[in-house]
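Some notes on the structure that comes next.
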Amino acid sequence: MSNNPPNNESVQQHKWPSIIQGGMGVAISHWPLARAVSLAGQLGVVSGTGIDTVLLRRLQDGDVGGHMRRALAASPWPNLAEQVISRYFRPGGRMPNQPYIRLPHWTLDSPRWQTALAMLGGFAEVWLAKSSHVGRVGINLLTKLALPNLPVLYGAMRANVDVVLMGAGIPREIPGALDRLAVHESASLRCEVAGMSATESPLIRFDPQAYESTLLTPLRRPDFFPIISSYSLALLMSKKATGPVQGFIIEGPTAGGHNAPPRGPKRYDAVGQPIYDQRDVVDLDAVGALGYPFWLAGGLDSPEALETAHTQGAAGIQVGTLFAYCAESGMRPDLKRQIATTVRTGSVAVRTDPRASPTGYPFKVVDMKGTLSDPALYNARQRICDIGYLREAYLNPKGKVMFRCAAEPVDVFVSKGGQREDTEGRKCLCNGLMATAGFPQYQSSGATEKPIVTSGDGIEKIRTLLSLGSETYSAQDVIDYLTGVSNRQLGEILTPNQITTSLI
């Protein structure tokens with residue numbers, strides 16, 4: 001299928017933002033951050049990763065401020081929303097050491113009510129981010145986390161989401177799915193199964209009509225920006241996606257979260273990080289020649305980087321790290337304070353860990369006390385897979401599609417046909433990232449799940465935004481800094497030497 005790129009005139013009329021705030025999960029890019037960025041005239045992005053669990057844990061924590069109940073009351077599915085609130089809302093929050101109610105693992109035939117939770121979660125997050133203003137809001141999802149994606153997307157579209165951004169895989173089927181969901185038609189995605197070809201793989205299906213009782217007018221179909229790491233993937237998405245794309249996010253290996261594996265042979269540096277080389281540098285001229293707007297991401301978090309991106313033909317930059325530690329982000333305040341302190345002392349370290357993620361993708365990890373990057377805490381943790389978003393599908397001996405996770409108990413993983421060596425160093429990102437956002441599970445063993453913090457390589461640049469004596473800064477401060485508004489102010493709070501050091 002060949003997709004025609006938008007013409008230059010339509011691109012100019014669209015007035016694309018110069019800054020896209022990265023879609024950081026779990027719930028780091030939550031609705032208050034996306035809303036703040038959108039109000040400032042740039043593209044705010046919410047994370048849709050694990051949004052069903054996030055919704056339920058907010059309700060169980062007492063729904064501080066009443067935001068979840070307010071969003072659910074505004075949803076197109078009032079009866080479903082009322083059932084969810086009745087079942088999960090806890091006035092005043094949970095009792096001390098009371099575990100969160102868990103959702104069952106997603107499967108190819110998850111029950112209708114579980115799909116409804118994902119749909120409501122996507123709606124609520126986008127609706128709150130877009131509330132009371134006309135700015136644009138996007139949603140970020142992981143291609144690898146395929147099972148909940150369709151209902152999350154439909155919920156987000158019912159809240160009038162403007163842009164969908166997806167990476168961590170090849171989201172070739174998403175554009176066509178957006179086309180179908182926009183007219184309330186059933187959509188499907190292939191479920192990647194280990195040992196099966198794409199044509200043999202079973203389908204993940206979602207039918208909006210299962211939740212709609214009346215004939216609905218078509219929705220506005222959101223723009224789609226795949227997150228890519230090579231020209232070849234840009235070419236594939238422009239020519240063979242199931243529907244049109246509207247732009248690209250070109251992400252380098254210095255970005256936080258999951259990174260694309262190196263394109264060359266597997267090589268590692270002295271501390272075990274994968275080595276990237278010239279083969280991993282994207283040909284921007286070739287991408288530009290495809291006719292789509294594109295944004296550069298990964299370590300491009302300065303006014304100079306934004307200016308350089310424009311000279312290279314980009315519409316702008318996507319920035320995650322600077323926003324991850326601002327006041328409006330969903331990261332736990334104590335973790336943000338710890339990062340601010342270590343950045344000031346120059347002792348912060350970020351590693352590209354090739355083993356951390358159960359997906360097999362390299363994953364950026366900040367070395368911090370009290371987190372799963374501490375080998376002692378990692379080794380002391382009792383393995384459990386009780387959230388299961390990052391499990392892989394496989395065929396059991398009877399030919400049935402089942403699921404396993406390289407971070408689950410080793411013997412369980414091996415009993416499902418997994419290789420023991422694949423479990424070495426794997427971390428439970430689901431529980432770790434939930435804990436980082438302030439939703440740590442209290443396990444039956446008596447242990448509370450520890451956080452894991454991910455960040456881009458440019459984490460030390462937040463020093464530029466930390467006024468002397470301050471532990472935080474705002475999303476508006478980030479935008480002002482990147483667009484040059486705050487450059488004059490920096491001289492008032494930092495010495496010339498400090499300014500020079502912070503911009504390196």
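The values are calculated or read from the model by the stated rules, or taken from the named source; none is laboratory data. From a predicted model like this one, the values you see are computed outputs, not experimental measurements. Quick reminder, even Gly has a Cβ in these numbers, built from the backbone with ideal geometry, and neighbours come from all protein chains shown.
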Within region 367-389, residues buried (at least 22 other Cβ atoms within 10 Å of the Cβ) and not small (G, A, S) come out as L372, C385, I387, Y389
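Working carefully through the options A305, A340, A286, find the one that is more than 21 Å from S38 (Cβ to Cβ), part of a helix (DSSP H, G or I) and in contact with a Leu (Cβ under 7 Å, 6 or more places away or on another chain).
Criteria check complete, one pass: A340.
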Within region 265-275, which residues are in contact (Cβ under 8 Å) with a residue 24 or more places away in the chain and either crowded, with 16+ Cβ neighbours inside 10 Å or of a type in the set (K, R) (or both)? Q273, P274
I'd like the residue in region 81-95 that is part of a helix (DSSP H, G or I) and not β-branched (V, I, T) and, out of all such residues, is surrounded by the fewest Cβ atoms within 10 Å (Cβ to Cβ). S86
In region 144-164, the residues that are closer than 22 Å to E392 by Cα and either aliphatic (A, V, I, L, M) or part of a helix (DSSP H, G or I) (or both): L145, A146, L147, N149, L150, P151, V152, L153
Look through S197, S238 and report the one residue that is hydroxyl-bearing (S, T, Y), within 30 Å of V281 (Cα to Cα) and either at pLDDT 95 or above or assigned to a helix (DSSP H, G or I) (or both). S238
Conditions first: (1) free of Cβ contacts under 8 Å to residues at least 60 places away in the same chain; (2) more than 30 Å from L372 (Cβ to Cβ). P293 passes all but one, so which condition is the exception? (1)
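Within the group D285, D277, D269, which residue is of a type in the set (D, E) and either at pLDDT below 85 or closer than 14 Å to I228 by Cα (or both)? Show your work before the answer.
Values: D285 fails: either at pLDDT below 85 or closer than 14 Å to I228 by Cα (or both); D269 fails: either at pLDDT below 85 or closer than 14 Å to I228 by Cα (or both).
Exactly one residue qualifies, and that residue is D277.
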Among the numbered conditions (1) surrounded by 22 or more Cβ atoms within 10 Å (Cβ to Cβ); (2) in a loop (DSSP other than H, G, I, E, B); (3) modelled with pLDDT of 90 or more, tell me where L296 comes up short. (2)
Residues that are at pLDDT 90 or above, at least 2 per element: which helices (runs of 4 or more DSSP H) completely within region 399-504 meet that? 410-415, 429-436, 475-482
If I filter region 317-334 down to residues being assigned to a strand (DSSP E or B) and of a type in the set (A, V, I, L, M), which single residue comes out as surrounded by the most Cβ atoms within 10 Å (Cβ to Cβ)? V319
Inspect region 383-398 for any residue being touching a strand residue (DSSP E or B) at 6+ places or on another chain (Cβ under 8 Å), hydrophobic (A, V, I, L, M, F, W, C), in contact (Cβ under 8 Å) with a residue 60 or more places away in the chain and assigned to a helix (DSSP H, G or I) and give the result as yes or no. no
Selection count, region 49-80, where residues are in a loop (DSSP other than H, G, I, E, B) and over 24 Å from the mean Cα position of the chain (by Cα): 4
Check on F439, crowded, with 21+ Cβ neighbours inside 10 Å and over 25 Å from the mean Cα position of the chain (by Cα): no
Residues of region 200-235 being of a type in the set (D, E, K, R) and either farther than 30 Å from T359 by Cα or part of a loop (DSSP other than H, G, I, E, B) (or both), in sequence order, are E200, D207, E212, R220, R221
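Which one is surrounded by the fewest Cβ atoms within 10 Å (Cβ to Cβ) among residues in region 399-418 that are of a type in the set (D, E, K, R) and farther than 20 Å from L203 by Cβ?
Among residues in region 399-418 that are of a type in the set (D, E, K, R) and farther than 20 Å from L203 by Cβ, the one surrounded by the fewest Cβ atoms within 10 Å (Cβ to Cβ) is D411.
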Filtered residues of region 96-118 (kept if surrounded by 11 or more Cβ atoms within 10 Å (Cβ to Cβ) and closer than 15 Å to Y442 by Cα): Q98, P99, Y100, I101, R102, L103
Checklist (1) touching a strand residue (DSSP E or B) at 6+ places or on another chain (Cβ under 8 Å); (2) more than 30 Å from D457 (Cα to Cα); (3) buried (at least 19 other Cβ atoms within 10 Å of the Cβ); (4) in contact (Cβ under 8 Å) with a residue 60 or more places away in the chain applied to Y211, failing item: (1)
Given K336, K369, which one is of a type in the set (K, R) and within 25 Å of G48 (Cα to Cα)? K336
Does region 147-155 contain any residue that is polar (S, T, N, Q) and either over 13 Å from the mean Cα position of the chain (by Cα) or under 20 Å from M68 (Cβ atoms) (or both)? no
